[in-house]
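For reference, the structure is listed below as structure tokens.
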């Protein structure tokens with residue numbers, strides 16, 4: 001049986017100016033990051049896509065479904 005690996009799930013709704021800093025701190029802790037775009041506006045969506053292109057996982061909701069739904073995704 002494989003050992004569980006911790007990761008960080010980060011629900012995001014319109015925080016384009018702070019999400020990269022949060023991701024950077026999590027990476028510094030050695031955690032893989034899963035970003036969940038919970039229906040953000042275009043500027044935040046662009047930042048999340050940039051982070052996804054840098055190797056982080058991204059799950060996208062077309063509309064805001066709330067933090068609980070974002071975490072479950």
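Quick notes
- Rounded, prolate or oblate (a/c below 1.5 giving rounded, otherwise prolate when a/b exceeds b/c) for segment 1-55 by Cα gyration tensor: prolate
- Folded to 0 to 90 degrees: helix 42-53 orientation relative to the chain principal axis, Cα: 30 degrees
- Summed over qualifying helices (DSSP H, 4 residues or more, each -39500 (n - 2.57)) and divided by its residue number, the chain shows a 222 nm mean residue ellipticity of -11000 deg cm²/dmol.
Throughout, read-outs are computed from the coordinates displayed, never taken from laboratory work. All values derive from a computational prediction rather than experimental measurement.
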